[in-house]
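So the structure is just underneath, and the comments pick up after that.
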Amino acid sequence: MNPAAPFAHEALFYLDEEDFLASTATFVVDGLERGEPVLVAVPEPSIVLLRERLGDRADQVHFIDMTEAGRNPGRIIPGVLMAFSASTPQSRVRMVGEPIWPGRSDLEYPACIQHEALVNTAFEGRHGMILCPYNASLLPEHVLDDARRTHPVVIDRAGRAVSESYVEPAALADRYNVELPPPPANAEEHAFSVASLAHMRKVVSAFAHSLRREQVEDLVLAVNELATNSILHASGRGVLRMWREGDTVVCEVSDSGTGLPPSFTGLSGFGIVMVNLLCDLVRTHTSHNGTTVRVYLSR
């Protein structure tokens, strides 16, 4: 990596445990020796291994279990990467972030790719380095192909090379603006407008009674933000659908708005950040027929 570059976003294709440890430990130690604050956000088993490899130096590193903090891919940039960068605004930061690991669901995957593409936009012009490990032995080839599209540089055992497959973030947003699975036939449905927002909040609260109290409050706040966005930026009305998938409560807000790709615009300002921070997963689809935002919260 070029330490003089303002920002670097690179993918690391590792084949086994030793491969992961050798590359990430070198990346981390190099940052520490340069006096850079270092964040490592990877699944907990990898944290244990990397702490052992780093020894006493591990105390200088900020570790986060990505399977918890990054359960919702849309939460990673504001809640993990940007939060760490903002905590040391005068310093060039160095971060290891593994947003896609074996076991990520097909439902989560489009949001993961949108996250990786958005990193290039969110950190453009900032001073920092982000290394994203990918388990090349266990992840499907199409995931590695997408990593080449979202990272300007890819590192593997052959060395470090500029990715010839890199795609501009906005173009990738279009590619993963995919249609959502249809709601189940038993989904509860409510039309809403500005006059019925208060009633809609009560409906969501009652439907989500199986969640913990603080989760119910989070879901009501998230859905209210989505509905308010529909009222302000679409036709002034929309449709709320709710259903359960096991222990997960799913709420969907649809309207007639047809803006730019949802992963890069979606809600205005703090709205999209807040919804992603509150929910376990957020999926969005925009077409010529309108926009649908679906949020998930699990007990």
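Since every read-out is calculated from the coordinates, none of them should be taken as a lab result. Quick caveat: nothing in here was measured; it's all calculated off a predicted structure. Because the Cβ atoms are built from the backbone with ideal geometry, glycine has one as well, and the counts that use them run over all protein chains shown.
The C-alpha radius of gyration of segment 7-175, expressed as a fraction of 2.2 N^0.38 Å, stands at 0.95. Efficiency by 1/(1 + (r/R0)^6): what FRET value for R244 and E68, r their Cβ-Cβ distance, R0 = 22 Å, to the nearest 0.05? Taking R0 as 22 Å, the efficiency between R244 and E68 is 0.45.
Available extension along the chain between D30 and V178 is 49.3 nm, counting 0.36 nm per residue and deducting the alpha carbon span. Scanning the chain for long hydrophobic helices, with DSSP H runs required to stretch 18 angstrom or more by C-alpha along their axis and to average at least -0.5 on the Kyte-Doolittle scale, returns 17-33, 109-122, 213-233.
Just to be sure I understand: if I project the alpha-carbon convex hull of the chain onto a plane and average over all orientations, what area do I get in nm²? Could you put the intermediate results ahead of the total?
On the way: hull surface 63.9 nm².
So the mean shadow area of the Cα hull is 16.0 nm².
With all projection directions averaged, the alpha carbon convex hull of segment 188-298 covers 6.2 nm². Measuring nothing but how far apart in sequence close Cα pairs (under 8 Å, 6+ apart) lie, relative to its length, segment 147-198 scores a relative contact order of 24 percent. The distance between label points at F270 and L221 comes to 1.0 nm (points 7 Å beyond Cα on the Cα→Cβ vector).
Expressed in nm to one decimal, what extension gain is obtained for the pair L197 and S165 from 0.36 nm per residue of sequence separation less their Cα-Cα distance?
Numbers: separation 32, 0.36 × 32 = 11.52 nm, distance 4.55 nm.
Going from the current span to full extension adds 7.0 nm.
Counting other Cβ atoms within 10 Å, which GluC sites (Glu not before Pro) in segment 125-183 have at most 12 and lie in a DSSP loop?
Working: sites: E141, E164, E179; in loops: E164, E179.
In loop regions of segment 125-183 (DSSP not H, G, I, E or B), the sparsely surrounded GluC sites (Glu not before Pro) are E164, E179.
Using the Cβ-Cβ distance between E141 and M82 with R0 set to 35 Å, the FRET efficiency works out to roughly 0.70.
Between the beta carbons of A185 and H233, assuming R0 = 35 Å, the FRET efficiency works out to 0.75 to the nearest 0.05.
What value, in deg cm²/dmol to 500, does the helix sum -39500 (n - 2.57) over DSSP H runs of n ≥ 4 give at 222 nm once divided by the residues of the chain? Mean residue ellipticity at 222 nm (helix-derived): -11000 deg cm²/dmol. Going 7 Å from the Cα of E18 in the Cα-to-Cβ direction, what parts of segment 125-163 have a backbone nitrogen less than 15 Å from that spot? Residues passing the 15 Å test: 157. Mean sequence separation of contacting Cα pairs (under 8 Å, at least six apart), scaled by the length of the chain, corresponds to a relative contact order of 18 percent.
Let's see if you can work this out: charge +1 on each Lys and Arg Cβ, -1 on each Asp and Glu Cβ, no other charges. What is the dipole magnitude of segment 1-140 about its Cα centre, in debye to the nearest 20? Let's see the in-between values first.
Numbers: 10 positive and 19 negative charges, 102 e Å.
It comes to approximately 480 debye.
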